[in-house]
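Structure first, then comments.
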Amino acid sequence: MKTVSLALKNLSRNKRRNSILAAAIAFGFLVVTAIDGFVTGVVGTLEDQITQLIGGNVIVQGLEWQNSTVPGGSASLVNIVRDRDYAKTIVDSCGIKYDYYSCYTMSGGELIFNGKKTVVQFYGRDLSEKSLRDSFQFVSGGVDENVKNGIIISESTAETMNLQVGDNLIYSTGTVYRQNTFADVTVMGIIKSNTFINKMQGYMNIEDLNSIIEMPEGGYSMFSIYLPNKNKQTKAAIAIENRIRQDHEKNPEINVTNRALAFQTNPTNIGAGIEKQLDPKKPENEWQGVMYGVETLYDEIPQIKTVLNVVHVISTVILIVILLIVMVGVSNTYRMVLYERIREIGTMRALGMTGKTTKKVFTNEAVILCIIGAVLGLILALIIMGIVHCIPIESEALSIFLNKGHFDFKVSVFSIIIQYLLLIILTTFAVRGSAKKASKMNPAEALRTIK
């Protein structure tokens, strides 16, 4: 503590020079923290939007073979999970902790109203789900469980079709067995469309949509869970897959995809490897009963994780370059400090200070200066990010990266800790030569030195 106290006193002796060094370090940390926080935030916003769209970040789907209704026709795959409780039972038996789960049905088709048509992708969900309701930004209307075949559409779709809450229109789609069908639907809610992802999507009660597309009673297309820790997606998917494989040993009509095989065939894109195992055009992909496909969000969109990793690497490289430039200044500065304090060092050594303690004083002084600069840079970066976050952005091109019209910033505590450790290590090396000379200085010769 005495060496730290002495180092702090030394820093106050030449405030101008030390302030310039601290400002240079602060600028470096400000730039790196802002870049890292901005890119991590916008990519995280994109990931959250996709996660909300599919109801989670670990997905289980069921696929069955459907014989052709046309003589001589080939069989096709249909997306059906008949047992609504099976996937949840599997997840719970694996002890996986999740925030919420969703069973939903997907259906793509056209809305027809007064001679106008538009393409829409409907998601049949339990509209009472709190996480889903919290994500809705209603412009008009809302969830009304008393409306039969009630739909929630985007503001963009409503403007294109000139629709209002209460309007009746026709939904043209296909059943799960690939037959054309039509249904009368009613607009019960219009939500704000602030990204291109939700401009063509809509929502219906799962039971209503199931009835329209002739989904078996109690069935659905996908089961998904939302994990609070995104980094545990792969671990959860492996656990679910292994648990379903155990059921396959008891019941041959329960099948599951193979992540290990998918990794062998497509190591950089596991999702593509799993899709190959479900490709109906390949004769080896034949099974009895249902095939459960278990995937994660990162399997389907590996670019998200790749972008984040690349950003962290780039920001670290930028930080290292900036710090190396600053460290040259630190090294030169402490060579001057050593020359200026020769007689002072001689006095302290003559009074009993050891060479090891002298070395610590020099090193601690430089490290404390750099940490002060880094803390200032972090604080400034947080202030700037907070200001930018409060600025509303009205840009359709950027809407996919916005959270309710604002940029989000996410600062990684782990990244900051790594950056600080890197700063301390580089600073120690930068002043090592000067500190070593100070520790080996002869007290008598130092006291005789005339500057």
- Message: I want to check the label-to-label distance for HIS406 and ILE418. Put each point 7 Å from Cα in the C-beta direction and report it in nm to one decimal.
- Response: 2.8 nm
- 0 to 90° range, to nearest 10: angle between helix 413-430 axis and the chain longest Cα axis: 30 degrees
- Task: Please name which of GLY166, PRO267, ILE238 has its Cα lying farthest along the dipole of the stretch 159-272 towards the positive end, using unit charges on Cβ (Lys, Arg +1; Asp, Glu -1) and the Cα centre as origin.
- Result: PRO267
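Tell me, what does the Kirkwood hydrodynamic radius of the stretch 157-225 come to in angstroms if you use every pair of distinct C-alpha atoms? List each step's numbers first, then the result.
On the way: mean 1/r = 0.0726 Å⁻¹.
Averaging 1/r across every pair of different Cα atoms and inverting gives 13.8 Å.
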- Message: Just to check, using Stokes-Einstein with a Kirkwood Rh over alpha carbon pairs, what's the diffusion coefficient of the stretch 133-280 at 37 °C and 0.692 mPa s in µm²/s?
- Response: 177 µm²/s
- Dipole in debye (nearest 20) - the stretch 202-296, about Cα centre, beta carbon charges: Lys, Arg +1; Asp, Glu -1: 640 debye
- Query: For MET215, what is the net charge nearby, where nearby means another residue's Cβ is under 15 Å from its Cβ and Lys, Arg count +1, Asp, Glu -1?
  - Reply: -3
- Message: If you wrap a convex hull around the alpha carbons of the stretch 20-151, what volume per residue comes out, as a whole number of Å³?
- Response: 267 Å³
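Could you work out what % of the accessible surface of the stretch 223-333 is carbon and sulfur, using a 1.4 angstrom probe and leaving DNA, RNA and ligands out of the count?
Heavy-atom surface of the stretch 223-333 belonging to carbon and sulfur, 1.4 Å probe: 59 percent.
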- Message: Taking Cα extents along the principal axes in Å straight from the coordinates, which label in (1) 94, 71, 46; (2) 107, 53, 32; (3) 64, 47, 36 is the correct one?
- Response: (2)
- the chain, relative contact order in percent, only Cα pairs under 8 angstrom and at least six apart counted: 25 percent
- For the chain, the charge dipole (Cβ of Lys, Arg +1; Cβ of Asp, Glu -1; about the Cα centre) points to a positive end, and the Cα of VAL337, VAL375, PRO392 closest to that extreme belongs to VAL337
- Site ALA23, offset 7 angstrom along Cα→Cβ, radius 13 Å on amide nitrogen, limited to the stretch 379-395, gives none
- To the nearest 20 debye, what is the magnitude of the charge dipole of the chain about its Cα centre, counting +1 on the Cβ of each Lys and Arg and -1 on the Cβ of each Asp and Glu? 4580 debye
- Message: With an 8 Å Cα cut-off and a minimum separation of 6 or more residues, compute the relative contact order for the stretch 61-205 in percent.
- Response: 25 percent
- Query: What size of dipole, in debye to the nearest 20, comes out for the stretch 84-241 about its Cα centre when the only charges are +1 on Lys and Arg C-beta atoms and -1 on Asp and Glu C-beta atoms?
  - Reply: 580 debye
- Message: Quick check of the Kirkwood formula: for the stretch 84-218, what is the inverse mean of 1/r over all pairs of different Cα atoms, in Å?
- Response: 15.6 Å
- Query: lysines within cross-link reach of LYS436: Cα-Cα under 18 Å, excluding same-chain residues under 8 positions apart?
  - Reply: LYS356, LYS359, LYS360
- Under the Karplus relation 6.51 cos²θ - 1.76 cosθ + 1.60, θ = phi - 60°, what is the ordered set of whole-Hz ³J(HN,Hα) values for the stretch 159-168, x standing for Gly and Pro? 5, 4, 9, 6, 9, 10, 4, x, 5, 9
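The values are calculated or read from the model by the stated rules, or taken from the named source; none is laboratory data. No experiment lies behind these values; they were computed from the predicted model shown. Note that each Cβ is placed from the backbone with ideal geometry, even for glycine, and that neighbours are counted across all protein chains shown. Just the protein is used for accessible areas: all its heavy atoms, side chains included, with ligands, DNA and RNA removed. Shrake-Rupley method; radii C 1.70, N 1.55, O 1.52, S 1.80 Å.
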